[in-house]
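No lab work stands behind these numbers, since they all come straight from the coordinates. All of these numbers come straight from a predicted model, not from anything done at the bench. Note that each Cβ is placed from the backbone with ideal geometry, even for glycine, and that neighbours are counted across all protein chains shown.
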Amino acid sequence: MRVIEINKENLPERFDIELGTELFTMEIDYNQTGDFFTIDLYQYDNPEPLVLGEKLMLNQPLFRDIEDSRFPAPTLIPIDPSGKESRITWDNFGVTTFLVVDDGE
């Protein structure tokens, strides 16, 4: 597993990331009213989104309800290695909760 480094102070943050053998563009944003984070996912160099506003939920793989061959092969999952959090918040994201790529290794 590898952690996707996200600087909360720069949100919304848009970046390219290699997932499996493909390149994608992700945008991470924060909803201050609801105290949660979302992800938009694009195929690299394609302005049409694959998904917009996917909410990060602790221990729930992203895009789990979508069956589409254009999505990344590795699983993206927000986790809490310490096991003490019940949800992802501004205060714990990047401290005790992290977005990781689980590529099966």
Report task. Give me the distance in nm between label points sitting 7 Å out from Cα along the Cα-to-Cβ direction at residue 15 and residue 45, one decimal. Result -> 2.2 nm
Query - residue 22-residue 96 FRET efficiency (beta carbon distance; Förster radius 25 Å; 0.05 resolution) - result: 0.25
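Which residues make up the longest stretch of the chain that has no chymotrypsin sites (Phe, Trp or Tyr not before Pro) in a DSSP loop with at most 16 other Cβ atoms within 10 Å?
Working: sites that count: 44, 63, 90.
Formally, the longest exposed-site-free interval is 1-43.
Quick check: residue separation of residue 67 and residue 35 times 0.36 nm, minus the Cα distance between them. What number comes out in nm?
Numbers: separation 32, 0.36 × 32 = 11.52 nm, distance 2.79 nm.
Length gained between residue 67 and residue 35: 8.7 nm.
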**Report entry** At 0.692 mPa s and 37 °C, Stokes D of the chain from Kirkwood alpha-carbon radius, µm² per second
**Finding:** 234 µm²/s
Report task. Using θ = phi - 60° and the Karplus relation 6.51 cos²θ - 1.76 cosθ + 1.60, list the HN-Hα couplings for the range 72-83 in order, rounded to whole Hz, with x at every Gly or Pro. Result -> x, 6, x, 8, 9, 8, x, 10, 10, x, 6, x
